[in-house]
Amino acid sequence: MEYSIYKLKFKTQVHFGTGRLNSTGITFFADTLFSALYKEAILIYGEKEAKKLYDYAIDGLLFLSDAMPYIGNNLFVPKPIISVNGNRESDSNLKKKFKKLKYILIENMAEYLNGNFNPENIIKMFNDFGKSDVRTSVRVNETTDNEPFNIGTYSFKDGNGLYFIAACKNDDVLDYLDSIIDSLSYSGIGGKRSSGLGKFDYTYEDINDEIKSRFENNFDTYMSLSVSMAKENELENILKEAKYELIKRSGFISSENYSDTNMKKSDFYSFKGGSCFKSKFEGDVFDVSYGGNHRVYRYAKPLMFGIK
């Protein structure tokens, strides 16, 4: 596989859904990224050619991570959902700091797992990561009074942003992916793109040998860098000694061809990024349509990262 880091530098404020319009997250998940890429591929290539993205994912030729933070040249990954022994057990203040911690630097992984990690510096770094705000917009109605509403937004500080890792089997897959991302950078990612949110510039670079080894070598424990879910025939095996958190993924279907009314996707539960397993699994791209005119896909393929 070829592994590329896409670093997104946002030119505008962003809105990443948390379930409430007046609030926003600071990152987005791999299933959100896949959906945005698929819709963008339909716009630039048409439905038949866009299906290549689905086929690449299903055939194991393409894997995507969640969007994760970077600060300058520092890349962060999710804090592993795993039990770690160390001096934090007897320090209630330290326990609170670890609970607050969402991400760690890649190079801090061994130190974290050994129980010798102090989260204070990273917490301080994220205190200056960016700024939340609320934007007021107006919904224009032809028959009634216009309605104001609030949108939660986030602005990244200069030099900070989000990155994701794409694993591609060959250059054809990488070139296809890159063409869609280039178009998506102008359209924007996240919610309220029609309001000008979520536009970005991007750069990409190959990963270094140390990170590559964590994807390709054998380990006793693997952490998924993406929201994921095993196929039914994989579940029994991968749940043995697994440490994971399930999150509910839902949302409305944006396709104009799906239904005459605004409909929601079927609720879907995914392993959260940072979940840890003793063995790798394939996962899938699941159909979460619910009685509409075509399938709706939920990306849930893990990008497995060896941690110990």
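So the values come out like this:
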{"quantity": "Rounded, prolate or oblate (a/c below 1.5 giving rounded, otherwise prolate when a/b exceeds b/c) for region 1-154 by Cα gyration tensor", "calculated": "oblate"}
{"quantity": "Point-to-point label distance, PHE149-ASN237, nm (Cα→Cβ direction, 7 Å offset)", "calculated": "4.6 nm"}
{"quantity": "Contour minus Cα-Cα distance for LEU21 and LYS308 (0.36 nm per residue)", "calculated": "99.4 nm"}
{"quantity": "Label-point separation in nm, ASP128 to ILE44, each point 7 Å along Cα→Cβ", "calculated": "3.6 nm"}
{"quantity": "Extension gain (nm, one decimal) between SER195 and SER279, 0.36 nm per residue minus Cα-Cα", "calculated": "25.9 nm"}
{"quantity": "Average Cα contact separation per residue, the chain, under 8 Å, 6 or more apart, as relative contact order %", "calculated": "27 percent"}
{"quantity": "The chain, accessible surface, carbon-and-sulfur percent (1.4 angstrom probe)", "calculated": "44 percent"}
{"quantity": "Contour excess over end-to-end distance, with Cα ends at ARG135 and SER4 and 0.36 nm allotted per residue", "calculated": "43.7 nm"}
{"quantity": "Estimated FRET transfer efficiency (ASP182, ASN85; beta-carbon r; R0 51 Å; 0.05)", "calculated": "0.65"}
{"quantity": "Greater than 19 Å apart at Cα, pairs in LYS51/LYS280; LYS39/LYS280; LYS102/LYS124; LYS100/LYS308", "calculated": "LYS51/LYS280; LYS39/LYS280; LYS100/LYS308"}
{"quantity": "Matching label, Cα extents along the principal axes in Å computed from the structure shown, candidates [x] 64, 41, 34; [y] 66, 54, 43; [z] 65, 53, 49", "calculated": "[x]"}
{"quantity": "Nitroxide proxy distance, nm - points 7 Å out along Cα→Cβ at ASP55 and GLU120", "calculated": "5.6 nm"}
{"quantity": "Shape of region 43-134, Cα gyration tensor, a/c cut at 1.5", "calculated": "prolate"}
{"quantity": "Computed FRET value (nearest 0.05) for LYS99 with LYS169, which takes r as the C-beta separation and R₀ as 35 Å", "calculated": "0.35"}
{"quantity": "5 angstrom amide H check on ASP284, placed H, neighbours 5+ away", "calculated": "MET229, ALA300, LYS301"}
{"quantity": "Summed side-chain charge close to LYS131 - residues other than LYS131 whose Cβ falls under 14 Å, Lys, Arg +1, Asp, Glu -1", "calculated": "-1"}
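The values are calculated or read from the model by the stated rules, or taken from the named source; none is laboratory data. Values in this document were obtained by computation on a predicted structure and should not be read as measured data. Positions of Cβ are backbone-derived with ideal geometry, glycine not excepted, and every protein chain shown enters the neighbour counts. Surface accessibility is based on the protein's heavy atoms, side chains included, excluding ligands, DNA and RNA. Shrake-Rupley method; radii C 1.70, N 1.55, O 1.52, S 1.80 Å.
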